[in-house]
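Taking it in order: structure first as structure tokens, then the write-up.
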Amino acid sequence: MNDSNALLTVQNVKKYFKGTKGCQVKAVDDVSFAVAKGETLGLVGESGCGKSTLGRTVLNLVNATEGGVIYEGRDILKLPQTEMRMLRKKLQMVFQNPYSSLNPRMTVLEAVRAPLDIFGIGTKEERFERSRDILKYVGLDEYQMYRYPHEFSGGQRQRIVIARAIISEPDFVVCDEPVSALDVSVRAQVLNLMQDIQKERGVAYLFISHDLSVVKHISDRIAVMYLGKIVEISPRETLYDQPGHPYTQALLSAIPIPDTDIVRERIILKGDLPSPMNPPAGCRFHTRCRFAVEECRMKEPKMRFDESGHGVACHRWKE
Ligand code: ADP
């Protein structure tokens with residue numbers, strides 16, 4: 001994608017937390033990317049690499065340490081609270097756990113109507129009708145509107161959470177592992193619903209998952225994160241067919257290829273994910289990389305792009 005069709009541009013965002021003994025946890029460390037209108041950007045990486053923190057920082061739900069997020073010509077990380085609150089209807093989030101993201105004392109109707117109430121959208125009747133319609137759209141019957149979250153299955157609850165996220169007609173939704181807590185049998189249904197919503201409403205998603213096989217079906221492009229940094233970003237097919245970063249190659253090698261005789265060599269990553277309090281010097285991945293050379297230990301690789309928009313932060317890419 002080019003910058004002219006960017007809906008949202010993330011510029012050099014950092015989020016450091018205070019760690020123990022005065023150390024900093026560099027959860028997100030100088031991340032830049034853009035999301036186009038109506039596209040899905042998948043964000044993958046091992047647990048603890050900073051995906052959730054990045055998603056929350058981009059939406060200004062936690063304060064960034066540095067950097068900016070440009071949306072509608074303004075840096076939303078610098079907006080006063082009151083203006084940010086009004087923008088929330090356009091920038092929404094769906095969390096992993098549908099059990100904890102719904103208030104147990106609110107009926108489903110109240111939960112889904114809440115954004116309209118908060119942003120003062122429509123009359124009372126309109127708010128009711130819109131809530132009823134959106135619940136129907138995500139697959140719930142009218143008689144279920146007055147029930148409480150505990151009366152629903154995990155898949156139904158996530159449908160309700162999705163309804164609440166889209167009722168204010170957002171342009172951009174950060175979806176943080178939205179199907180990870182669901183039974184495998186209902187995952188595909190929820191993913192299909194999200195894709196239908198995107199087709200009909202043109203909403204863009206940042207779709208976070210630790211699992212490359214989940215983002216494969218839903219993403220237009222995919223970004224791979226390692227220890228607070230994006231190490232590769234590319235159109236979906238390119239990432240799966242020609243992964244450029246040794247970390248992406250290792251992640252992909254762990255996914256079985258169904259219904260084919262292709263046997264991919266399984267690349268076992270050496271050691272554990274290093275601590276974000278003390279990331280390795282040079283390329284952060286060099287301690288686990290099978291191709292690392294002296295340069296990788298000394299110098300941090302910059303993201304380089306080819307003409308197809310495939311970007312890789314590795315000294316040895318296309319050597
Ligand atoms: P992921 O979503 O990829 O699993 P997270 O964004 O949750 O990763 O976490 C990235 C790193 O930041 C981890 O090392 C985590 O322990 C740390 N972290 C996340 N939130 C906080 C916090 N509020 N305070 C301190 N450290 C945090």
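The values are calculated or read from the model by the stated rules, or taken from the named source; none is laboratory data. Owing to the predicted nature of the structure, the values given are computational and were not obtained by experimental measurement. Glycine also receives a Cβ, built like all others from the backbone with ideal geometry; neighbour counts cover every protein chain displayed.
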Item checked: Hits in region 283-312 (condition: aliphatic (A, V, I, L, M) and not in a helix (DSSP H, G or I)) -> Ala292, Val293, Met303, Val312
Next item on the list: List the strands (runs of 3 or more DSSP E) that sit entirely inside region 1-104 and contain at least 3 residues that are away from the ligand (no atom under 15 Å from the Cβ).
Entry: 6-18, 24-36, 66-71
Next item on the list: Select from region 270-317 the residues that are within 25 Å of the chain's Cα centre (by Cα), away from the ligand (no atom under 16 Å from the Cβ) and aromatic (Phe, Trp, Tyr) and list them in ascending order.
Entry: Phe305
Notebook entry, point to check: If you check Glu169 against the conditions, is it touching a His at 6+ places or on another chain (Cβ under 6 Å) and either surrounded by 15 or more Cβ atoms within 10 Å (Cβ to Cβ) or closer than 29 Å to Arg147 by Cα (or both)?
Noted result: no
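Here's the yes/no breakdown for (1) more than 28 Å from Arg164 (Cβ to Cβ); (2) crowded, with 17+ Cβ neighbours inside 10 Å; (3) in contact (Cβ under 8 Å) with a residue 60 or more places away in the chain:
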residue	(1), (2), (3)
Phe17	yes, no, no
Phe33	no, yes, yes
Ala36	no, yes, yes
Glu39	no, yes, yes
Ser47	no, no, yes
Thr53	no, yes, no
Leu61	no, no, no
Val94	no, yes, yes
Ser100	no, no, no
Next item on the list: Return only the number of the condition from (1) modelled with pLDDT under 95; (2) under 20 Å from the mean Cα position of the chain (by Cα) that Asn103 does not satisfy.
Entry: (2)
Next item on the list: State whether one or more residues within region 246-254 are at pLDDT 95 or above, surrounded by 21 or more Cβ atoms within 10 Å (Cβ to Cβ) and either over 18 Å from Val44 (Cβ atoms) or of a type in the set (Asp, Glu) (or both).
Entry: no
Check: Hey, any hits in region 212-220 for a residue that's surrounded by 24 or more Cβ atoms within 10 Å (Cβ to Cβ) and charged (D, E, K, R)?
Finding: no
Checklist line | Subset tally (residues that are more than 15 Å from the chain's Cα centre (by Cα) and either closer than 16 Å to Tyr99 by Cβ or charged (D, E, K, R) (or both)) for region 164-192 | finding: 8
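For (1) in contact with a Leu (Cβ under 9 Å, 6 or more places away or on another chain); (2) not in a loop (DSSP other than H, G, I, E, B), each residue gets a yes or a no:
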| site | (1), (2) |
| --- | --- |
| Ala181 | no, no |
| Ala223 | yes, yes |
| Ile233 | yes, yes |
| Glu237 | no, yes |
| Lys270 | no, no |
| Pro274 | yes, no |
Next item on the list: Could you pull out the residue among Gly68, Gly22 that is farther than 20 Å from Ala223 by Cα, surrounded by fewer than 19 Cβ atoms within 10 Å (Cβ to Cβ), more than 16 Å from the chain's Cα centre (by Cα) and not charged (D, E, K, R)?
Entry: Gly22
